[in-house]
Amino acid sequence: MLKTFDALVIGDANVDLVIVGCNTLPLPGQEIFVQDMSLHVGGGAALFSLTLAKLGKSVAFKGIVGQDYYGQYVLDQFHLAGIDTGYTKRSDQNTTGISIAINPERDRSFISYAGTNAELHVDHVADLEPIPARHVHLTGYRGSSNHEAFMRIVRQLRASGITVSLDVGWDDTGEWYPGVFELMDGINVFFMNETEALHYTGCAAIDESIGQLKERQKNVVVKRGSQGATAIIGGKVSHCAGYAVEVVDTTGAGDSFNAGFMYGYLSGMSVGECLVYGNACGAQSVQNYGGSTGAVDLTALMLFIESHRVDEESAK
């Protein structure tokens, strides 16, 4: 009998090498010493999965890692969090992706290698019929290059009664494909950050962008960093202020927010409560180096929320 998970997550998994205190890059033949280096699981889908699993939801991950040490490291961290990796492939074609994050406490710089992540396509979801989860979280949208594939999969999922969330991510091609609004129609919760919202709507101010999304009747959650987050769900706009915490590393904060929001969504909470959980997970994330280091269990998250009460009016 097919096991039914709370969520199946499809997307990237790699490792992040976080370098702290690198004030200058070495010249040829030169060596420099830095304050710290640490290895963490990276990739938006992987970070989302780790946070959601630590909160107590049953999660399965579909992605591709290599037959190398880094691939095994990612799988080991998934297993420790209780994530099912039965749908995760180990590839012989490429090694596991890696991203080097330099000075994450300031203006971050990255050197990245996609590795096995480049082998994953959203069409691979079709291999899983029937889908072993009541909810699917998607990543990896690339505008016109894979828009039709995303449309097919989303239609398939919704026809099967499965709810869908998607984090659109940064468009490094600069296309900002307008067809994204068509894709939004099939998504229950569509995540984007403030800058992405401005680019897709073509607005100069975030209030205008949110107004346009409301007018288009899209179900969107806009992450706004220290300003919190705004949800446009069912034609209603809800805003929740962020938490005032010391920011150490913003890597993965958006993915952590997504997981907190979806924990609330999958638990039947109100939009306001979902925003509170999302903001709390994002706040936990930015206080630690590495995208998943700040992920906590539900008890610890509740304690954080209780001790950092936001204005109740802002979460309605």
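The values are calculated or read from the model by the stated rules, or taken from the named source; none is laboratory data. These numbers were taken from a predicted model, which means no experiment stands behind them. Glycine also receives a Cβ, built like all others from the backbone with ideal geometry; neighbour counts cover every protein chain displayed. The area values use the complete protein model at the heavy-atom level, side chains included, leaving out ligands, DNA and RNA. Shrake-Rupley method; radii C 1.70, N 1.55, O 1.52, S 1.80 Å.
Couple of notes before you dig in:
- Seen from R90, the other residues with C-beta closer than 12 Å to its C-beta sum to a net charge of -2, counting Lys and Arg as +1 and Asp and Glu as -1.
- Span-like helix check, the chain: qualifying full DSSP H segments, with Cα axial length of 15 Å or more and mean Kyte-Doolittle of -0.5 or more, are 44-54, 69-81, 147-159, 253-266, 271-286.
- Solvent exposure of R152, expressed as accessible area, is near 120 Å², computed with a probe of 1.4 Å over the protein chains only.
- Averaging the Cα positions of each part gives two centres, and for segment 293-307 and segment 116-135 these lie 31 Å apart.
- Between S226 and H147, the contour length at 0.36 nm per residue exceeds the alpha carbon distance by 25.3 nm.
- Å² of accessible area per residue within the chain, as computed with a 1.4 Å probe and no ligands counted: 44 Å²
- Only the Cβ atoms of Lys and Arg (+1) and of Asp and Glu (-1) were treated as charged; on that basis the dipole of segment 1-103 about its Cα centre amounts to roughly 420 debye.
- Taking other residues whose beta carbon is less than 15 angstrom from the beta carbon of L298, and scoring Lys, Arg as +1 and Asp, Glu as -1, yields -2.
- Extension gain from Y73 to F110, taking 0.36 nm per residue of separation minus the Cα-Cα distance: 11.2 nm
- Around L157: net Lys/Arg minus Asp/Glu count, Cβ-Cβ under 14 Å: +1
- Rounded to 5, percent antiparallel among DSSP beta bridges of the chain: 45 percent
- Solvent exposure, largest accessible area first (probe 1.4 Å, DNA, RNA and ligands not counted), of W176, W170: W170, W176
- Nearby aspartates and glutamates by direct alpha-carbon distance to K54 (threshold 19 angstrom, same-chain neighbours under 8 apart not counted): D6, D12, D76, D84, D255, E273, D297, E306
- You can think of it this way: the chain between W170 and A300 has 43.7 nm of extra reach, that is 0.36 nm per residue less the Cα-Cα gap.
- Oblate is the label for segment 69-222. Its Cα gyration tensor axes, ordered a ≥ b ≥ c, give a/c of at least 1.5 and b/c at or above a/b.
- Placing unit charges on the Cβ atoms only, positive for Lys and Arg and negative for Asp and Glu, gives the chain a dipole magnitude near 760 debye about its Cα centre.
- Rolling a 1.4 Å probe over the protein heavy atoms of the chain, with every protein chain left in place, gives an accessible area that is 50 percent carbon and sulfur.
- The listed peptides 279-291, 206-218, 156-168, ordered by packing as a protection proxy, come out as 279-291, 156-168, 206-218 (highest mean of other Cβ atoms within 10 Å first).
- Dipole-positive endmost among V164, S112, A241 within the chain (Cβ charges, Cα centre): V164
- In this rough spin-label picture, where each label sits 7 Å from Cα along the Cβ direction, the I100-A126 distance is 3.9 nm.
- Bridge type composition, segment 81-198 - antiparallel percent by DSSP, nearest 5: 40 percent
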